[in-house]
Each structure stands twice: as C-alpha cells, then as structure tokens.
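Engineer: One structure is given below, represented as structure tokens, and several questions about it will come after.
The values are calculated or read from the model by the stated rules, or taken from the named source; none is laboratory data. None of the values given here were measured: they were computed from a predicted structure. Here the Cβ positions follow ideal geometry from the backbone for every residue, glycine too, while neighbour counts run over all protein chains shown.
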Amino acid sequence: MGIRNDLETGLITLHTAHTSYQMWADGLGVVHHLYYGPSIGEADLRCLEFRSDCGFSPQPAGLDMQRDYSLDTLCQEYTGSGVGDYRIGCLRLAAGDGSRIADLRFAGAEILPGKYELPGLPAAFDNGGECETLRLTLRDPVTGLTVILLYGVYEAADVITRAALLENGGTAPIQLEKAASACLDIPFGEWELIHFHGRHCMERQPERAPLLHAVQTIRSARGASSHQHNPFAILAAPHTTEDAGECLGAMLVYSGNFKIECELSQMHSTRLVAGISDDDFCWTLNPGERFAAPEVLFSYSAAGLGLLSRQYHHFLQHNIIRSVWRDRPRPVLINNWEATYMDFDARRIWDIARQAKELGVEMLVLDDGWFGSRVDDRSGLGDWECNEEKLGCTLDQLIGRVREMGLLFGLWIEPEMVSPGTALYAAHPEWVLAAPGRSPATGRSQLVLDMGRPDVVEYLYQVFHRLLASHDISYIKWDMNRNMTDVFSHALPAGRQGEAFHRYMLGLYDLLGRLTRDFPEVLLEGCAGGGGRFDAGMLAYCPQIWCSDDTDPIHRIKIQYGTSFGYPPAAMGSHVSASPNHQTGRSTLLSTRATVAMAGAFGYELDLQKLTDEEKDLVRVQIQQYKALQPLLLEGRYDRLTDALADTCFTAWQFTAPDKSRAVVSLVVIDPQANPWPIHLRLKGLDPAARYRESLTQHIYTGAALCHAGLTLPIMQGDYPALQIMIERMDTE
Ligand code: GLA
C-alpha cells in the first residue's frame with residue numbers, strides 16, 4: 001500500500017485501497033506513464049509498453065538508431081515542449097533566448113508523509129495519516145526550468161491528487177504560455193468523455209460522447225469556472241453504467257478559466273490534460289520564482305459511475321471542505337429574494353421572518369438590495385453601507401429584531417463587483433478591470449474589481465471584516481453575477497497582462513481564506529448567478545453553493561442530478577420557491593418542491609405569508625422531515641436510481657445511512673401517464689440480509705429483495721406528484 005519507489009528499476013507505484021498507478025523513469029530520464037486502474041499488487045507493467053517504429057515520430061537526440069522510441073508515442077506523466085510530442089501538451093513557453101523548448105528529464109523522487117500544500121491555492125488536506133505525497137522532479141537542462149510533479153495518495157479514499165510546481169532555476173526570465181496541472185495518458189482501451197455543460201438556469205447537464213481522433217476541449221474563458229462548462233470530466237468505458245464498468249474522473253480544484261482537453265492519439269492511446277486555460281494566459285517566471293498549477297483530483301471506479309460519484313462526494317466532504325459546518329446540520333433558512341426581490345424595507349423583512357419562525361424556519365437570509373443605492377441591479381455594488389433610509393432602521397436594528405424572534409441572520413454580498421456611479425467607483429476607477437482608452441463592457445450593469453490587486457483585496461478584507469465583526473451575522477451568501485471582459489489590470493505592466501485572470505483567482509482565494517479564517521463560525525454559501533462557480537476550489541471555502549437560479553423543481557431535478565456526478569448533495573443550496581415558478585411559470589405542488597429541495601442544503605425562498613393554512617401546516621411538517629433526514633444527507637450514501645436526463649415518466653434518488661440502518665427514496669413524476677405502466681424501482685446500497693420496513697405499505701422486505709426485485713409503486717397522476725419513502729431496518733430479534 002502507499003507509494004513504492006524502486007530505485008533499481010526506476011518504477012514508482014502508487015497504491016490506494018482499490019487502485020494502482022504506475023510510472024517509470026527510464027535511463028534517459030523520461031518519465032513514462034504505465035497504468036492507472038484496479039490494484040495490480042507488485043506487478044511491473046513495463047512489459048505492456050507498446051513500442052513501434054512509428055513514421056514521422058522523431059527520436060530524442062542520441063537515439064537515432066532506436067526508431068521505436070519517440071516522445072510522440074510514449075505515455076508520459078508530464079510533457080515538455082518542442083521535443084517531439086505532438087499531442088496536447090502540458091507546457092508552452094518562451095525562454096530568455098526566444099526558444100520554445102523544454103526537454104523535461106527526471107531529476108529525483110521523494111516520498112513524504114502527509115499532504116503537500118499549494119501556495120495561494122485551495123487544495124485537498126489530510127485529516128491525519130490519510131495521505132502520502134510523491135514529489136517527482138523533472139528538469140530541462142538548458143533553461144533550468146524545473147517541474148515538480150506532486151501526487152497526493154489518499155489510500156482509503158481511492159483518490160490521487162496531482163499538481164505541478166514550475167520553478168525557474170535558470171538565469172533568464174521564462175514566459176509560461178501554458179502550464180497544465182496534470183496529464184493522464186491511458187495506453188489502451190476505448191473511452192467516452194462525460195462532461196457537464198449548461199447555461200445560466202440549467203447548469204451541469206451530463207453529455208457523453210466517444211473520444212475522437214481529435215482534441216475535445218471543455219473550457220471556461222469567462223473568469224469563473226462557469227455555468228457553461230464545469231471543471232470536471234469523466235472518462236468511461238463505452239458500456240459503463242451507474243453500477244458497472246470502468247470510469248475515472250478528473251476534477252480541478254480551481255474556480256477560474258480552465259481547460260480539460262482529451263485526445264485519442266494516432267496510436268489509439270488516450271490523453272487527458274487539465275489545468276488553467278492557456279487562452280489569454282502568459283506568466284513571467286523570473287529566475288528563482290515558482291508558479292503553482294492548481295490541483296486535479298483523480299479517482300477511478302471499476303464499479304460504475306455511482307461509485308465514482310460517491311468517492312468524490314466523500315472526498316470533497318472530508319478533504320476539501322474545510323468549514324466547521326461541513327458535518328454540522330445546516331439551519332433551515334428563508335431567503336427573501338424571490339419573495340421581494342429588491343423591493344423591501346425592514347418591516348417587510350420582519351414580517352417574513354416572523355411568519356418563517358412560526359413555521360419552524362431557523363435563519364433569515366437578507367438577499368440583495370440592503371446597501372448603498374441598491375434599488376435595482378443597476379446600482380450600489382461596492383458601497384457596502386446599510387441603506388438605512390430604505391430599510392427604515394440600522395442594520396443592527398434589523399438584525400436585532402430577527403434575532404429576538406429566535407432566528408439566525410444571514411446576509412447577501414457580492415464583493416468582487418462594483419456598480420458605476422458608486423462612491424467606490426468614483427474613488428478608485430483604476431480598481432476595475434478595464435483597458436486604457438476603452439469603455440469596458442458591462443454585465444448586469446456592473447464592472448469587475450481587479451482582485452489581482454493586493455490593495456483591492458486588502459480593502460475588501462477590511463470592509464467585510466468590519467461587517468462581520470460588528471454585526472451578528474451567522475451566514476453569508478457570496479455572489480458573483482457576471483463574467484469578465486476587458487481583463488486588463490492597471491497594476492500590471494504591459495508584458496504581464498496575461499497574468500490578470502489567474503491573479504484575480506489568487507486574490508479571491510486570499511480574501512476568502514482570510515475571512516473564513518477570521519470568522520470560522522460563519523456559514524458561507526457560494527453563488528454566481530446560481531451555479532456559475534460550482535467547483536472544488538470554491539468548496540474549499542464554502543461548504544455549500546447555490547446550485548442554480550432555476551428553482552423550478554422539474555428543472556432542478558436535472559440540475560441536481562448532473563451536479564451529483566461530482567459534488568456532494570449536502571453542498572447544493574436548494575430552496576422551495578413559489579408556484580407558479582418565477583423562472584419557468586410552471587406550477588407544481590408544494591410537496592414536490594420540498595421533495596426536490598430536500599436533496600440539498602434546504603430552505604425556502606418565497607412569501608410564506610401567501611400560503612394557505614393547509615400549506616403552512618405542510619411547511620411545518622417538511623421542516624421537521626428535513627431535520628430528521630439531514631444526517632443522511634451529510635454523511636449518507638447518495639444513489640441516482642434513474643437517469644434524470646433520459647427519464648420519460650419519473651425520476652428517483654436515494655440517500656442511505658452509512659450503517660445501512662435507514663434510507664429515504666425520493667421520486668417525482670415528471671410526466672404523468674394515461675393508462676400507465678407500473679412505476680417499478682430497484683433500490684441500492686442496502687444490507688442484503690437485513691429486513692427493512694417500507695413506509696408506504698408498511699411491508700417488510702429483505703435488503704436483497706428491495707435491491708434486486710425492487711418496489712412497485714402506486715399509480716401517481718396529476719401535476720408532478722412526488723413521494724418520499726422511508727426504509728427502516730427492523731431491529732434484529
Ligand atoms: C444572483 C443570485 C440570486 C440572487 C440575485 C440577487 O442572481 O443567484 O439568488 O441572490 O443574484 O441579485
């Protein structure tokens with residue numbers, strides 16, 4: 001188990017509980033990738049390496065007569081540049097003399113206890129004895145460029161993290177034009193790419209397609225990981241399903257511009273390269289300086305996509321999310337956004353709070369519109385002083401009354417933005433991203449602050465530190481409501497503008513890191529127009545992220561389904577909103593909306609006063625139900641029981657306690673049928689020998705019967721009816 005480094009052969013093998021990963025530094029110092037898959041014990045897989053004299057694939061200097069050795073066909077751990085590997089590369093650079101070549105050769109390997117850290121970047125951590133680190137050094141002899149490949153081997157979790165540190169050990173500056181985090185070469189097999197695309201209000205929709213003899217790229221150039229693509233991809237064997245078959249995932253711990261590229265090579269091997277996007281990227285690495293490329297989390301499953309997802313859920317919950325809230329039940333909240341939008345004063349908020357408290361809600365979240373001149377989305381961002389005139393009282397008075405009612409208080413902020421016309425913009429026009437001589441494009445009428453500037457970060461730190469230190473605030477919703485344009489930093493010289501995007505992310509992480517360290521008890525919810533920055537980088541600071549601005553439960557089923565491939569349900573902010581829904585106009589039952597929202601960090605986002613007495617009673621019951629279910633959500637196993645994108649009649653999912661003592665199955669009819677077929681559902685993950693009572697009929701079944709034979713459910717008709725079925729293990733006599 002752990003990491004094996006055989007100095008005699010140059011073989012290095014990483015072992016997790018169920019997987020092995022093997023590489024080999026040959027006599028020339030080229031580090032070959034040999035294997036990533038199910039455990040292979042002590043095997044030496046060099047014998048599997050395929051060598052052939054492949055036409056037009058050159059040989060490294062000195063190997064003229066060894067025609068079957070080419071960097072163009074070998075599987076490698078990290079590629080250099082300009083030395084004969086024509087597939088997607090990890091590196092692109094311009095050295096001091098203008099040459100664009102880096103020939104990376106092995107210069108040492110070290111095994112270290114614990115988990116490495118990455119300067120300035122979020123990364124997985126070790127809770128104690130979970131991880132071992134491999135540090136592999138590669139060096140280009142001419143430029144002095146050193147690439148340190150870092151591998152974090154999490155044995156029990158079946159996760160291998162990777163990252164790269166690039167150091168200039170030479171005497172002249174190096175321009176890095178591409179600096180990927182990791183390359184994964186898979187020598188054999190057929191693979192399909194699953195990725196998660198979308199748009200605002202329909203994020204993370206899985207799409208699956210065979211790899212082509214071409215480059216397939218998932219990327220964001222928007223300054224955030226984005227609604228459109230997610231920095232997570234899966235390679236799956238063609239027949240892999242939820243429960244069977246091979247698949248492996250690559251998830252970036254990064255929230256900015258990224259690229260995941262896949263290619264099927266001329267020799268039919270597969271290459272995946274992941275890291276910061278090289279579009280609009282150029283980083284000057286002066287002698288002695290180091291650049292850290294963000295982390296990628298790799299995980300492999302030989303038992304289908306369901307297991308792969310559970311491996312990521314567990315890993316993100318335990319090794320990425322740092323917040324003290326990660327295992328704590330989250331307060332059931334009421335958010336005023338869809339109840340009032342920006343049209344409110346303190347009295348209106350107190351009315352909402354009073355009603356919510358009466359129904360069992362635990363926290364009031366005051367959304368956008370409480371500060372500066374913010375009466376609509378054209379103004380106010382940046383002036384983070386309470387608008388007392390609008391509220392009719394001070395922020396403390398507003399919070400005080402909410403707290404007296406017995407509710408916690410949460411607040412919305414959007415720190416990275418500024419509205420033109422604010423005092424902040426007037427004082428510091430140079431703080432926005434905008435190029436000389438050009439009027440920057442706006443998005444939602446706002447401009448983007450240059451988070452790459454230490455003075456901007458320091459200013460925001462002071463503002464929000466003061467806000468949190470001087471008011472009784474338990475929760476923050478950290479929003480980010482536009483994508484970037486005009487990315488030019490007034491703090492950087494002309495030759496370094498290619499650094500602005502990444503420096504923005506470093507500044508953002510710095511600010512998030514400082515505020516979460518100062519206020520560890522504040523529950524932070526990430527948001528970017530819903531799920532426009534839903535990634536492992538943000539989860540390092542925010543234990544939950546608002547999943548989507550689309551709260552229509554029938555759409556949310558699909559959004560939460562897609563999100564669940566990589567991310568734990570407990571991290572998905574999910575609310576019951578009004579019917580008809582504000583985004584789609586669709587009407588659904590209150591019970592259906594709650595069933596869907598209970599698959600995430602639960603709350604309400606509507607005017608509770610408008611509910612009938614009967615509905616209010618139902619809300620009381622829902623809140624108690626959710627509180628009873630929350631441990632399953634936080635610690636339990638999550639299973640997708642149907643394919644939400646392909647379902648024609650109903651969608652179902654299941655949470656199961658780690659000890660398999662209980663489970664809850666949720667089901668929503670998405671298209672009621674006339675003269676219907678039976679709804680038949682097989683459950684997952686129960687103890688086959690145990691006896692369980694099912695709450696619908698009170699029948700008792702063995703776990704094996706529930707998983708193999710399943711349940712036949714009653715005919716459900718009407719507007720999107722939903723069911724929650726409790727499965728309880730019977731005490732053994
Ligand atoms: C974004 C968020 C919403 C809401 C608004 C406020 O769109 O996703 O939930 O907070 O901003 O302006």
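Engineer: Do the conditions hold for Glu358, that is, is it acidic (Asp, Glu), more than 16 Å from the ligand (Cβ to nearest atom) and either assigned to a helix (DSSP H, G or I) or under 23 Å from Phe602 (Cα atoms) (or both)? Outline the logic, then answer.
Structural biologist: Values: acidic (Asp, Glu): yes; more than 16 Å from the ligand (Cβ to nearest atom): yes; either assigned to a helix (DSSP H, G or I) or under 23 Å from Phe602 (Cα atoms) (or both): yes.
Yes; evaluated as a whole, the condition is true for this residue.
Engineer: Related question: Could you list, in sequence order, all residues of the stretch 545-554 that are within 15 Å of the ligand (Cβ to nearest atom) and either within 16 Å of Leu645 (Cα to Cα) or more than 13 Å from the chain's Cα centre (by Cα) (or both)?
Structural biologist: First, the residues of the stretch 545-554 that are within 15 Å of the ligand (Cβ to nearest atom): 545-552.
Ser548, Asp549, Asp550, Thr551, Asp552 - these are the residues of the stretch 545-554 that are within 15 Å of the ligand (Cβ to nearest atom) and either within 16 Å of Leu645 (Cα to Cα) or more than 13 Å from the chain's Cα centre (by Cα) (or both).
Engineer: Which strands (runs of 3 or more DSSP E) does the stretch 236-303 wholly contain that include 3 or more residues that are more than 25 Å from Asp486 (Cα to Cα)? Let's see the steps before the verdict.
Structural biologist: Numbers: elements: 247-252, 258-264, 270-276, 283-285, 290-301.
Passing ranges, in order: 247-252, 258-264, 270-276, 290-301.
Engineer: Now, a different point. Which residues, taken from the stretch 600-629, are closer than 29 Å to Ala690 by Cβ and under 21 Å from the mean Cα position of the chain (by Cα)? Give the derivation first.
Structural biologist: Pass one, the stretch 600-629, residues closer than 29 Å to Ala690 by Cβ: 600, 602, 621-622, 624-629.
Listed by number, the residues that qualify are Gly600, Phe602.
Engineer: Go through Glu130, Glu77, Glu110 for me and flag whichever is surrounded by fewer than 18 Cβ atoms within 10 Å (Cβ to Cβ) and among the acidic types (Asp, Glu).
Structural biologist: Numbers: Glu130 fails: surrounded by fewer than 18 Cβ atoms within 10 Å (Cβ to Cβ); Glu77 fails: surrounded by fewer than 18 Cβ atoms within 10 Å (Cβ to Cβ).
On inspection, the qualifying residue turns out to be Glu110.
Engineer: Kindly check whether there is at least one residue in the stretch 244-258 that is surrounded by 24 or more Cβ atoms within 10 Å (Cβ to Cβ) and of a type in the set (Phe, Trp, Tyr).
Structural biologist: Checked the stretch 244-258: at least one residue is surrounded by 24 or more Cβ atoms within 10 Å (Cβ to Cβ) and of a type in the set (Phe, Trp, Tyr).
Engineer: Working only within the stretch 163-183, note down all residues that are touching a Cys at 6+ places or on another chain (Cβ under 9 Å), crowded, with 19+ Cβ neighbours inside 10 Å and not hydroxyl-bearing (Ser, Thr, Tyr). Show your work before the answer.
Structural biologist: Let us first name the residues in the stretch 163-183 that are touching a Cys at 6+ places or on another chain (Cβ under 9 Å), namely 164, 175-183.
Add one more test, that the residue is crowded, with 19+ Cβ neighbours inside 10 Å, and what stays is 164, 176, 178-183.
Once the filter is applied, which keeps residues that are touching a Cys at 6+ places or on another chain (Cβ under 9 Å), crowded, with 19+ Cβ neighbours inside 10 Å and not hydroxyl-bearing (Ser, Thr, Tyr), the stretch 163-183 yields Ala164, Leu176, Lys178, Ala179, Ala180, Ala182, Cys183.
Engineer: On the basis of being buried (at least 21 other Cβ atoms within 10 Å of the Cβ), charged (D, E, K, R) and either over 20 Å from the mean Cα position of the chain (by Cα) or assigned to a strand (DSSP E or B) (or both), does Arg204 make the cut?
Structural biologist: Numbers: buried (at least 21 other Cβ atoms within 10 Å of the Cβ): yes; charged (D, E, K, R): yes; either over 20 Å from the mean Cα position of the chain (by Cα) or assigned to a strand (DSSP E or B) (or both): yes.
It is true that Arg204 is buried (at least 21 other Cβ atoms within 10 Å of the Cβ), charged (D, E, K, R) and either over 20 Å from the mean Cα position of the chain (by Cα) or assigned to a strand (DSSP E or B) (or both).
Engineer: May I ask you to verify whether Met505 is more than 17 Å from Gly600 (Cβ to Cβ) and touching a Phe, Trp or Tyr at 6+ places or on another chain (Cβ under 9 Å)? Break it down into steps so the answer makes sense when it comes.
Structural biologist: Details: more than 17 Å from Gly600 (Cβ to Cβ): yes; touching a Phe, Trp or Tyr at 6+ places or on another chain (Cβ under 9 Å): yes.
Answer is yes for this residue.
Engineer: For the stretch 391-443, how many residues meet the condition of being touching a residue at least 24 places away in the same chain (Cβ under 8 Å), farther than 30 Å from Arg503 by Cα and not basic (Lys, Arg)?
Structural biologist: 15
Engineer: Of the residues Ile725, Ile715, which single one is of a type in the set (Val, Ile, Thr) and in a loop (DSSP other than H, G, I, E, B)? If you could, list the steps in order and put the result at the bottom.
Structural biologist: Details: Ile725 fails: in a loop (DSSP other than H, G, I, E, B).
Answer to the check: Ile715.
Engineer: Hey, another quick one. Output the residue which, of all residues in the stretch 485-505 that are within 20 Å of the chain's Cα centre (by Cα) and of a type in the set (Phe, Trp, Tyr), is farthest from the ligand (Cβ to nearest atom).
Structural biologist: Phe501
Engineer: Taking the stretch 341-355 as the region of interest, how many residues are within 12 Å of the ligand (Cβ to nearest atom) and either touching a helix residue (DSSP H, G or I) at 6+ places or on another chain (Cβ under 6 Å) or of a type outside the set (Ser, Thr, Tyr) (or both)?
Structural biologist: Within the stretch 341-355, the subset within 12 Å of the ligand (Cβ to nearest atom) is 341-342.
This time we only want the ones that are either touching a helix residue (DSSP H, G or I) at 6+ places or on another chain (Cβ under 6 Å) or of a type outside the set (Ser, Thr, Tyr) (or both), so: 342.
Total meeting the criteria: 1.
Engineer: Exactly one condition in (1) assigned by TED's automatic domain parsing to the domain that holds Glu130; (2) within 14 Å of the ligand (Cβ to nearest atom) is not met by Trp370; state its number.
Structural biologist: Unmet for Trp370, out of (1) assigned by TED's automatic domain parsing to the domain that holds Glu130; (2) within 14 Å of the ligand (Cβ to nearest atom): (1).
Engineer: Determine which member of the set Leu398, Leu411, Leu364, Leu407 is closer than 21 Å to Gly532 by Cα, crowded, with 20+ Cβ neighbours inside 10 Å and either among the hydrophobic types (A, V, I, L, M, F, W, C) or over 32 Å from the mean Cα position of the chain (by Cα) (or both). Spell out the reasoning first.
Structural biologist: On the way: Leu398 fails: closer than 21 Å to Gly532 by Cα; Leu364 fails: closer than 21 Å to Gly532 by Cα; Leu407 fails: closer than 21 Å to Gly532 by Cα.
The unique qualifying residue is Leu411.
Engineer: Of all residues in the stretch 508-560, which are within 24 Å of Thr588 (Cβ to Cβ) and aliphatic (A, V, I, L, M)?
Structural biologist: Correct list: Ile545, Ile554, Ile557, Ile559.
Engineer: Now, a different point. Restricting to the stretch 697-724, name every residue that is among the β-branched types (Val, Ile, Thr) and farther than 13 Å from Arg682 by Cβ. Full working, then the answer.
Structural biologist: Initial filter on the stretch 697-724 (among the β-branched types (Val, Ile, Thr)): 697, 700, 702, 712, 715.
The answer is Thr697, Ile700, Thr702, Ile715.
Every residue, every condition in (1) surrounded by 24 or more Cβ atoms within 10 Å (Cβ to Cβ); (2) within 16 Å of the ligand (Cβ to nearest atom); (3) under 18 Å from Asn319 (Cβ atoms), yes or no:
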{"residue": "Ala536", "(1), (2), (3)": "yes, no, yes"}
{"residue": "Pro543", "(1), (2), (3)": "yes, no, yes"}
{"residue": "Arg556", "(1), (2), (3)": "yes, yes, no"}
{"residue": "Ala578", "(1), (2), (3)": "no, yes, no"}
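Engineer: Where residues in the stretch 697-717 are loosely packed, with under 14 Cβ neighbours inside 10 Å and either charged (D, E, K, R) or out of contact with any Pro (no Cβ under 6 Å at 6 or more places or on another chain) (or both), which of them is nearest to Thr648 (Cα to Cα)? Even if it seems obvious, please write down each step before you answer.
Structural biologist: First, pick out the residues of the stretch 697-717 that are loosely packed, with under 14 Cβ neighbours inside 10 Å: 697-700, 704, 708-709, 712, 714-715, 717.
This time we only want the ones that are either charged (D, E, K, R) or out of contact with any Pro (no Cβ under 6 Å at 6 or more places or on another chain) (or both), so: 697-700, 708-709, 714.
On the way: Thr697: 25, Gln698: 28, His699: 28, Ile700: 29, His708: 22, Ala709: 21, Pro714: 17 Å.
Per the criteria, the residue is Pro714.
Engineer: Working carefully through the options Val147, Val142, Val159, find the one that is buried (at least 22 other Cβ atoms within 10 Å of the Cβ), over 28 Å from Arg533 (Cβ atoms) and of a type outside the set (D, E, K, R). Step through it out loud before you land on a result.
Structural biologist: On the way: Val142 fails: buried (at least 22 other Cβ atoms within 10 Å of the Cβ); Val159 fails: over 28 Å from Arg533 (Cβ atoms).
From the options Val147, Val142, Val159, the qualifying one is Val147.
Engineer: Which one is surrounded by the most Cβ atoms within 10 Å (Cβ to Cβ) among residues in the stretch 417-435 that are away from the ligand (no atom under 13 Å from the Cβ) and assigned to a loop (DSSP other than H, G, I, E, B)? Explain how you work it out, then say what you get.
Structural biologist: From the stretch 417-435, those away from the ligand (no atom under 13 Å from the Cβ) are 418, 420-435; that's our starting set.
Pick out the ones that are also assigned to a loop (DSSP other than H, G, I, E, B) and you get 420-422, 428, 433-435.
Values: Pro420: 18, Gly421: 17, Thr422: 21, His428: 18, Leu433: 23, Ala434: 21, Ala435: 14.
Filtering the stretch 417-435 for residues that are away from the ligand (no atom under 13 Å from the Cβ) and assigned to a loop (DSSP other than H, G, I, E, B), the one surrounded by the most Cβ atoms within 10 Å (Cβ to Cβ) comes out as Leu433.
Engineer: Are any residues in the stretch 375-414 at positive phi and within 12 Å of the ligand (Cβ to nearest atom), and if so, which ones?
Structural biologist: Of everything in the stretch 375-414, just one residue is at positive phi and within 12 Å of the ligand (Cβ to nearest atom), namely Gly380.
Engineer: Same structure, new question: So which residues in the stretch 673-709 are within 21 Å of Gln560 (Cβ to Cβ) and modelled with pLDDT under 95?
Structural biologist: Looking only at the stretch 673-709, we keep the residues that are within 21 Å of Gln560 (Cβ to Cβ), and these are 679, 681-685.
Result: Ile679, single match.
Engineer: Moving on to the next point. Are any residues in the stretch 97-156 farther than 26 Å from Gly513 by Cα and acidic (Asp, Glu), and if so, which ones?
Structural biologist: Hits for the stretch 97-156 are Asp97, Asp103, Glu110, Asp140, Glu155.
Engineer: Does Thr595 qualify as being closer than 24 Å to Glu728 by Cα, polar (S, T, N, Q), outside the structural domain of Arg662 (by TED's automatic domain parsing) and in contact with a strand residue (DSSP E or B) (Cβ under 8 Å, 6 or more places away or on another chain)?
Structural biologist: Numbers: closer than 24 Å to Glu728 by Cα: yes; polar (S, T, N, Q): yes; outside the structural domain of Arg662 (by TED's automatic domain parsing): yes; in contact with a strand residue (DSSP E or B) (Cβ under 8 Å, 6 or more places away or on another chain): yes.
Yes; evaluated as a whole, the condition is true for this residue.
Engineer: Another question, if that's okay. Looking at the stretch 14-26, can you tell me whether even one residue there is under 35 Å from the mean Cα position of the chain (by Cα), surrounded by fewer than 15 Cβ atoms within 10 Å (Cβ to Cβ) and on the phi < 0 side of the Ramachandran plot?
Structural biologist: Yes, there is a match, as at least one residue in the stretch 14-26 is under 35 Å from the mean Cα position of the chain (by Cα), surrounded by fewer than 15 Cβ atoms within 10 Å (Cβ to Cβ) and on the phi < 0 side of the Ramachandran plot.
Engineer: Still on this structure, please answer the following. Taking the condition of being closer than 20 Å to Ile276 by Cα and either of a type outside the set (S, T, N, Q) or touching a Pro at 6+ places or on another chain (Cβ under 9 Å) (or both), how many residues in the stretch 199-238 meet it?
Structural biologist: Our first condition is that a residue be closer than 20 Å to Ile276 by Cα; within the stretch 199-238, this holds for 204, 215-235.
From the residues that got through so far, the ones that are either of a type outside the set (S, T, N, Q) or touching a Pro at 6+ places or on another chain (Cβ under 9 Å) (or both) too are 204, 215, 218-225, 227, 229, 231-235.
Count: 17.
Engineer: From the list Leu508, Leu515, exactly one residue is more than 16 Å from the ligand (Cβ to nearest atom), more than 23 Å from His227 (Cα to Cα) and surrounded by 22 or more Cβ atoms within 10 Å (Cβ to Cβ). Which is it?
Structural biologist: Details: Leu508 fails: more than 23 Å from His227 (Cα to Cα).
Matching residue, one of Leu508, Leu515: Leu515.
Engineer: Next up: For residues in the stretch 468-484 being buried (at least 18 other Cβ atoms within 10 Å of the Cβ) and in a loop (DSSP other than H, G, I, E, B), which is farthest from the chain's Cα centre (by Cα)?
Structural biologist: Ile473
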